[in-house]
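Down below is the structure, laid out as structure tokens.
Since every read-out is calculated from the coordinates, none of them should be taken as a lab result. Bear in mind that the values here come from a model prediction, so they are computed numbers and not experimental data. Ideal geometry is used to build each Cβ from the backbone, glycine not excepted, and the neighbour counts take in all protein chains shown.
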Amino acid sequence: MTIDPTGDRPRPTGTATGAGAPRDLAPLGDPRIDPTGGLPRPTGTRAPRDRAPLIEVRGLTKRFGAFHALDDVSLDVPGGGLIALLGPSGSGKTTLLRILAGLERPDRGRALLDGVDLAAQSARQRNVGLVFQHYALFRHLDVYENIAFALRVRKRPHAEVDARVRELLGLIQLESLEHRLPSQLSGGQRQRVALARALAARPRVLLLDEPFGALDAQVRAELRGWLRRLHDEIHLTTVFVTHDQDEAFEVADKVVVMNRGKIEQVGAPAEVFDRPANDFVMRFLGHVNVLEATLEDGRARIGDATVALGALGAAVGAHGGDTRGRVYVRPHEIDIARAPAAGAFAARVVRVTPLSGGLKVELSVPSLGSRMRADIDWERGTALALSDGDDVFLSLRRARVFAPDGHGPPS
Amino acid sequence: MIGTPAIAATHEPVWLRRLIIAIAVGFVGLFVLVPLAAVFAEALRNGLAAYGHAIVDPAALSAVKLTFLAAAIAVPLNVVFGVAAAWAIARFRFPGRALLISLIDLPLAVSPVIAGMVFVLLFGKQGLIGPWLTAHGVQVIFALPGIVLATTFVTFPFVARELIPLMEAQGAEEEEAAIVLGASGWQTFVRVTLPKIKWGLLYGVVLCTARAMGEFGAVSVVSGHIRGRTNTLPLHVEILYNEYEYQAAFAVASILVVLALASLIARRVIARRVEAT
């Protein structure tokens, strides 16, 4: 939960802040609102391309000095999709987004939008919508003029500008605040103005850079849901950058996990979570216990226990013949019992914390010399009646082993 | 001192507080208010009629005109230069950037008299380009071009120095947003950058104008002191003073004082707007 400490906090905006309350965001089904606005879409005549991806990224490489921001990245984004670029800071996700927006030029490689190289187009021809992390609203222009900007610089007739701005003000539910300056809006309101501004010229693609990063948790959760519903209504191809996996999973159809300028895995949220391609993805997406083990004959010796990897869903032999290895286990894939069992290893309860829907149990494992975390449901927790210092036995329901070259098990 | 709360620092004894305030007020009074009052007292010593007479004297009016003309040319030049330099320094990283920042401050570091002499060396009769210019009928030294050059030189840091920190603090995100939204470079400058910096720019213009009108040293060297033709207000004051026309000298000087006070008020008003942006 990054709450930006640098100043994009919602300011006290007096009595009219009611529109900032999340519940005002709701009704997208309003038939008056047609966010795509019935424009002649530039894609109208390209039925044969419908199967082709709208955005094609081919071998993009970008360095800043010695730093590899992007290293030979290729990616397809289908038209109408909602894609999350997910990764830690420095993974290259924002650089990729900025190249798509035309704000950076790649050192090598190409990015095609609808089959045409982005680098060959002016910003106006490119016509992508970009929402900045800190909104970058024009501070001297009010809400109305911020939204109108893209149409004003295109010298569109006044009536058309007015109609479009009114439509978007309705979409973001800020009609009553059209004459406010950005400094007089809360963070959530600014975010929506930035979104409306990006949509004004009916972009072919919407790009969002950490769109909710600077907002507090509740506003953020509401806006996520709103963005997803908005996308379901207007089907505008959307790429957004985030470092928050919950956000990526909740909003996106497809998640692109990035690390150190490379794409680690692309897939639906459930897919990347359930079948991570490598140890980076496994570690990045949620908590994981990493157990040092000795691997041989499809078995892993973990501390004082021996477990059969095949039975746990881990690919046998994935470890490439090396006998020292790591076994990855998610906290919810561990069972806790009072009595010893085959393949179970001894542990001691360090701390029990209630969690939504269950208990988080921190344990120390003497035979491994390390700590583990297990998440169990309420019923199991009640039956076990665990307290700090109890001796228990852990057995694994599922485990994963990754090949040492960082590429995952053959599935 | 351990355990003494920080507020103790503001709880000086009453006598000490009063002494410090008295020193500050006394100093300002002695060195600023008294001379200021003396200017007007001396200017009005022989009555309003004499005051008016000194000001409408043709030589004085010509000095006023020349002063405003020089400022009217030098200030716009420095606005263009200042915006360009601030833009380059705040937005780009290029070889020689640090040198450019230092060079912008040069006119503040060099004595104005030396600046004037440099222009004489360049454009004077024995100068580097002077003879060539004279042959083509252009006179720089002892004429308006020289005065404008000297004024531009001594005032060129003001706009740039005001804008560089402002533009660096504001960042370039809004400009990036404008470009992605389809604005051309010129549209981005006029619709986004200029409104963002306008109060800082105005502040720089006021500083620049005040200095341009008050400049003595550099202009003195290049002007030649031709009464009624190449005298600016500060030079005219000096001439009158040297001719023992004290009352007239102070009367003309009072025009400069009024201009200075006006710019002081303008700065106060604008500074508040700069802080608000």
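Figures for the structure shown
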read-out	value
Antiparallel content of DSSP bridges confined to the range A:14-274, in %, to 5	55
Chain B: relative contact order in percent, alpha carbon pairs under 8 Å with at least 6 residues between	30
Cα gyration tensor category, rounded, prolate or oblate, for the range A:337-384 with a/c compared to 1.5	oblate
The range A:328-411: trypsin sites (Lys or Arg not before Pro) falling in loop per DSSP and having at most 13 other Cβ within 10 Å	A:338, A:397
Global form of the range A:262-382, assessed from the alpha-carbon gyration tensor, a/c cut-off 1.5	oblate
Whole-angstrom gap from the range A:191-243 to the range A:321-378, using each part's C-alpha centre	39
Cα Rg, Dmax (largest Cα-Cα span) when computed across the range A:76-159, Å	15.2, 45
At most 15 other Cβ within 10 Å, DSSP loop - trypsin sites (Lys or Arg not before Pro), the range B:126-203	none
Span-rule helices in chain B, defined as complete DSSP H runs reaching 30 Å or more along the axis (Cα) with Kyte mean at least -0.5	B:58-91, B:246-276
For chain B, with +1 on Lys and Arg beta carbons and -1 on Asp and Glu, the positive-most of B:134, B:151, B:261 along the dipole	B:261
Global form of chain B, assessed from the alpha-carbon gyration tensor, a/c cut-off 1.5	oblate
Test item: A:196-207 mean partner chain Cβ contacts at 10 Å	1
At R0 = 45 Å, FRET efficiency that the Cβ-Cβ distance of residue B:25 and residue B:139 yields, to 0.05	0.35
Relative contact order for the range A:14-274, counting Cα pairs under 8 Å that sit 6 or more residues apart, in percent	29
Percent of Cα-Cα distances greater than 50 Å, calculated over the protein assembly as shown	41
Mean ellipticity per residue at 222 nm, deg cm²/dmol - from DSSP H runs of n ≥ 4 across chain B, formula -39500 (n - 2.57)	-23500 deg cm²/dmol
Test item: A:136-142 mean partner chain Cβ contacts at 10 Å	6
